[in-house]
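No value in this document is a laboratory result; all are computed from the given coordinates. Note that the coordinates shown come from a computational prediction; the quantities given were computed from them, not determined experimentally. Heads up, the Cβs are rebuilt from the backbone with ideal geometry, glycines too, and the neighbour counts pull from every protein chain shown.
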């Protein structure tokens, strides 16, 4: 139990550093990578809380957060590459 709490503390410190990178990031891609890493770390914290509480009630939350973090990263990356997320023109 103590190791799980120490791991939660370490990941929380990492999230604090990533929040700093999101705010002060020199470029937009740095900020996007930091946001993705925050999502990954949140999944880790939720998993550790689930272990600490000895329950599997949070597994759906982990899946949902992982999917949303992935979709957000893909959307930001596409916006940086093309300037638009959803293209209205269709090739026929």
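With each label modelled as a point 7 angstrom along the Cα→C-beta vector, the residue 89-residue 53 pair spans 4.9 nm. The angle between the Cα long axis of helix 28-53 and the main principal axis of the chain comes to about 30°, on a 0 to 90 degree scale. In the set (i) 3, 13, 18, 18, 17, 11, 9, 6, 3, 2, 1, 0, 0; (ii) 2, 10, 15, 17, 19, 15, 11, 6, 3, 1, 0; (iii) 3, 14, 26, 26, 19, 10, 3, 0, the label that goes with P(r) over Cα pairs in 5 Å bins from 0, in percent computed for this structure is (i). Look at the alpha carbon pairs under 8 Å that are at least 6 residues apart: their mean separation over the length of the chain gives a relative contact order of 26 percent.
Compute the angle between helix 59-82 and the longest alpha-carbon principal axis of the chain, please, reported from 0 to 90 degrees and rounded to the nearest 10. The helix 59-82 is inclined about 30 degrees to the chain. In plain terms, the residue of 28, 73 with the fewest other Cβ atoms within 10 Å comes first and the most crowded comes last, giving 28, 73. On the beta carbon distance between residue 12 and residue 80, with R0 = 41 Å, the FRET formula returns roughly 0.90. Counting beta carbons within 10 Å around each of 36, 54 and listing the fewest first gives the order 54, 36. How far apart, in nanometres, would the label points at residue 5 and residue 19 be if each is projected 7 angstrom from Cα along the Cα-to-Cβ direction? About 2.2 nm, to one decimal.
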